[in-house]
Amino acid sequence: MMAKRVLLIEDEPNIIQAIRFILSRDGWEVVSHSDGNTAVAEVLKRDPDVVILDVMLPNKSGFEILQDLRADETTKDLPVLMLTARGQNRDRELATRYGASRFMTKPFANSEILSTVQELAGA
Amino acid sequence: MPTKMLTGTKIRERRIASGIRQSALAGSVGISATYLNLIEHNKRRIGGKLLSEIASKLQVSQTSLTDGIEEALLGKLQLAASRASTPRDELEPAEEFAGRYPGWASLVADQVERITDLEQMVESLSDRLSHDPALSDALHDLLSTVTAIGSAAAILVETDQIEDEWRDRFHRNIHEDSQRLATSSQSLVTFLETTDEKVDPAIEPRDIVDNWFAARGHHIPELEHNNSCDNAALFEIEPSIKGSAAQSLAAPLFANYRADADAMPLPEFATVAEAANYDPARIAVHYSIDLASVFRRLAALPSEYCKDPFGLVVCDASGALTYRKEIDGFSLPRFGSGCPLWPLYQALSKPAVPIRRVVETTGRDIQQFLAYAVAQPVGSLGFDKEPRYVATMLIVRFQKHSAAAHDVEQVGMSCRVCARSKCSARREASILQGF
């Protein structure tokens, strides 16, 4: 059975390594991408089952990327978990408004990342 | 004994003290005794010609009956009511409440003001976190580093059998991120220490500067006779201007003041101004100087030099008020922009064209003022860039005999507290609507 794929759009290398370790142990294929400008193209190329998307990225914000994904017919229903270091209500509202499937603030529990990704893939 | 009384109550007290019967006073001004009774018990508003006539009959000044405090008190009570979850029909009209219980009304008004200040404090602190890019970036970096450390540590603790390669990698990551966290934390502390210094974080820099000028009566003697008084010394004069943000706002104001004082020194300026009947245009011609400088200089005159104080408002091209000097009867908003009908904003639409208008305030205490306004470019001019304009408005109580007949423009303080209905310039609902 082909492993399910997660595309992690995040620019912090050590966070990428930690999430990769957690998810790969559960049988996930984890692909990472750090550049906001080419993130949407990477999603279309990799065709992931779930996207984990950080809000603050170089060159383009996670919210803008999310809007582009929702505007594209092929990705409008793609499960997206948004990560942010700011837990303000405004970010939560924006994430909901732009169509994030889930919203999680940093720092997060490893088990929470894993369970949320599993839930989104099963949805 | 309440120290703040509404107009109706004052009329009644004065009438009784003068030994005038209610029916007699009513008849002398052409209204029924019943109506006067309603006025005296603050169940009806009074202003304009009727108030003037009653004041005349009672042989007192109109202002002694209205006092000005009353307008602010009623405004605050109406603001409190607009925010209350209590149904409006259970809230008596503000005038009745204030008339019956002036002490409690003042307490409510004071509480409303305190709540408004606190809300502004919370908003400014939240706003800073949202809109200060340096602070936002620093916190994001901090939390991302903490996340990486936490995740790596949890992996090491919770994973039963972890490959040596991964274990070594996460140990290294924790070590690197710990050092990075120490550096980020130190940078954040330094940033906060530099920006906050000894400033009360609850007070906006603009408020600090406004309070400083208001406390001095907008007149700075240190810059009149001692132009060598530097900014650092001025900042220390109580109430001191602390914090780099407030000081950077005050510095250009001090620079303008110095330039104005040098060009139009006291006491000669006071003599010239009086001889010109306080006409800014004539004063500007005398000194060969621009109108905005004359406006500022007139507003900075200390009370011993002019009978009627001048008010001053300055706004930038966005319409935001950057300088405020209030005078009695012409209130200025503490936050946000003023009434769109002010000549100040008309001047922005016609740069370099002087404007003079008679404006009449709305509300219970209707008064007329003469407003002068002009928008002038600031900063260096060049062929390759658009000029930046600043508008300045001078306000003085209007002496009806002092000028030819003018069209009168009705203006308010700001849309939010203006009761004027059907105003084409209104940009937001008034809290007074429905009262």
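The values are calculated or read from the model by the stated rules, or taken from the named source; none is laboratory data. Just so you know, these numbers come straight off a predicted model, no measurement behind them. Please note: Cβ atoms are built from the backbone with ideal geometry, for glycine as well, and neighbour counts cover all protein chains shown. The area values use the complete protein model at the heavy-atom level, side chains included, leaving out ligands, DNA and RNA. Shrake-Rupley method; radii C 1.70, N 1.55, O 1.52, S 1.80 Å.
Work from the charge dipole of region A:1-66 (Cβ charges, +1 for Lys and Arg, -1 for Asp and Glu, about the Cα centre) and give the residue of A:V31, A:I9, A:F63 farthest towards its positive end.
Farthest towards the positive end: A:V31.
How would B:F97, B:F398 line up by accessible area, probe 1.4 Å, largest first?
B:F97, B:F398
Averaging over all projection directions, find the projected area of the Cα convex hull of region B:237-367 and quote it in nm² with one decimal place.
9.5
Hey, what D do you get for chain A in µm²/s if you plug the Kirkwood alpha-carbon radius into Stokes-Einstein at 25 °C and 0.890 mPa s?
173
For B:Q376 and B:V272, FRET efficiency with R0 = 22 Å and r from the beta-carbon atoms, rounded to 0.05?
0.55
Using a 1.4 angstrom probe and counting only protein chains, how large is the accessible area of B:R14 in Å², to 10?
So the heavy atoms of B:R14 present about 90 Å² to solvent.
Rounded to whole Å and sorted largest first, list the principal axis extents of the Cα atoms in region B:6-66.
Largest first, region B:6-66 extends 24, 23, 19 Å along its Cα principal axes.
Work out the length of the dipole vector of chain A about its Cα centre, built from +1 on the beta-carbon of each Lys and Arg and -1 on the beta-carbon of each Asp and Glu, and round it to the nearest 20 debye.
My answer is approximately 200 debye.
Using 7 Å Cα-to-Cβ label points, what is the A:E119/A:T74 separation (nm, one decimal)?
My value for the distance between the label points is 2.9 nm.
Using the Karplus curve 6.51 cos²θ - 1.76 cosθ + 1.60 with θ = phi - 60°, what ³J(HN,Hα) values do you get for each residue of region B:259-271, in whole Hz, with x for Gly and Pro?
4, 5, 5, 5, 6, 9, x, 7, x, 4, 4, 4, 5
What accessible area, in Å² to the nearest ten, does a 1.4 Å probe give for A:E93?
That residue has around 110 Å² of solvent-accessible surface.
Please compare each pair in B:K10/B:K43; A:K4/A:K60; B:K10/B:K325; A:K4/A:K45 to a cut-off of 24 Å on the Cα-Cα distance and tell me which ones are over it.
Distance filter (> 24 Å) returns A:K4/A:K60; B:K10/B:K325.
What's the magnitude of the charge dipole for region B:263-362 around its Cα centre, counting Lys and Arg as +1 and Asp and Glu as -1 at the beta-carbon? Answer in Debye, nearest 20.
Around 260 debye, computed over region B:263-362.
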